[in-house]
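Data block below; observations after.
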């Protein structure tokens with residue numbers, strides 16, 4: 001049975017917090033439950049420290065939560081794990097200048113609140129990876145995820161189930177299963193320099209997102225081979241997905 005926090009109980013708890021912060025947040029907090037109101041007010045010192053700039057970012061986050069409020073599971077939102085994740089996400093969201101990265105943070109918070117992978121307990125690793133991964137790396141990682149280019153290629157080509165893919169193999173798979181105007185074809189041209197993409201593949205391996213191997217053929221453009229996406233890589237994509 002879901003545990004509900006009544007408006008009266010929420011009001012009593014909220015009354016213990018800063019009146020000035022309540023005045024600032026009240027217009028935007030009207031759209032969320034008392035449980036969420038308490039979470040934001042718990043972070044009052046952090047929000048006040050950022051002033052008007054922080055307030056606009058908080059409003060953005062509250063608006064997102066209000067839009068998705070029925071997708072968050074109340075028992076999860078009330079858990080200690082979620083509160084810890086929320087405070088980290090809130091601070092990063094206020095600092096982040098990139099709207100795309102703020103969207104990743106919001107998606108992550110939502111998926112934690114949806115109880116995606118409830119047994120997963122490496123959220124610090126997820127957050128650290130979000131801070132350093134590039135969007136191009138995310139595009140490449142998705143190629144190896146369930147339902148991605150490599151899986152579709154393996155389904156239609158016998159004998160490739162356990163194949164390790166170097167750049168040439170990945171490019172062949174991309175060109176084999178995507179339409180002519182697909183943006184992945186720009187990332188993986190059949191001809192041309194391969195150094196940057198090899199560096200991306202190695203970087204994804206170093207982040208524990210792909211199983212990668214170094215091939216003993218330096219200078220060939222085929223220096224890296226990818227066996228598969230890691231379990232952490234799959235969970236990472238699940239947590240940042242919209």
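What follows draws every value from the coordinates through simple rules; no lab data is involved. This one's a predicted model, so the numbers in the text were calculated from it and none came from an experiment. Neighbour counts are summed over all protein chains in view; Cβ atoms, including those assigned to glycine, are modelled from backbone coordinates with ideal geometry.
Give me the tail of P(r) for the range 34-80 as a percent: Cα-Cα pairs with distance above 17 Å.
Values: 406 of 1081 pairs.
That tail contains 38 percent of the Cα-Cα pairs.
Over the range 67-162, Cα pairs under 8 Å with separation of 6+ residues give a relative contact order of 25 percent. Using the average count of surrounding beta-carbon atoms within 10 Å as a protection proxy, the listed peptides 195-204, 62-71 rank, highest first, as 195-204, 62-71.
Annotation: extensible slack from residue 146 through residue 134 equals 2.3 nm (criterion: 0.36 nm per residue apart, minus Cα-Cα distance).
Taking a temperature of 20 °C and a viscosity of 1.002 mPa s, what whole-number D in µm²/s does Stokes-Einstein yield for the range 136-240 with Rh from Kirkwood over alpha carbon pairs? Can you show the working numbers first?
Numbers: Rh = 13.8 Å.
It comes out at roughly 155 µm²/s.
So what is the relative contact order for the range 112-242, in percent, with contacts set as C-alpha pairs under 8 Å and at least six apart? Let's see the in-between values first.
Values: 131 pairs, mean separation 33.6, N = 131.
Relative contact order comes out at 26 percent.
The range 151-194 and the range 55-95 have their alpha-carbon centroids 38 Å apart.
Across the range 221-240, the residues whose backbone nitrogen lies under 13 Å from the label position 7 Å along the beta-carbon direction of residue 125 are 230-237.
Can you put 230, 97 in order, fewest other beta carbons within 10 Å first? Show your work: numbers first, answer last.
Numbers: 230 19, 97 6.
Lowest to highest Cβ neighbour count: 97, 230.
The ranking of 101, 155 by Cβ neighbour count inside 10 Å, starting from the fewest, reads 155, 101.
Could you calculate the FRET efficiency of residue 238 with residue 46 from 1/(1 + (r/R0)^6), where r is the beta carbon distance between them and R0 is 22 Å, rounded to 0.05?
Values: r = 28 Å, r/R0 = 1.27.
About 0.20, to the nearest 0.05.
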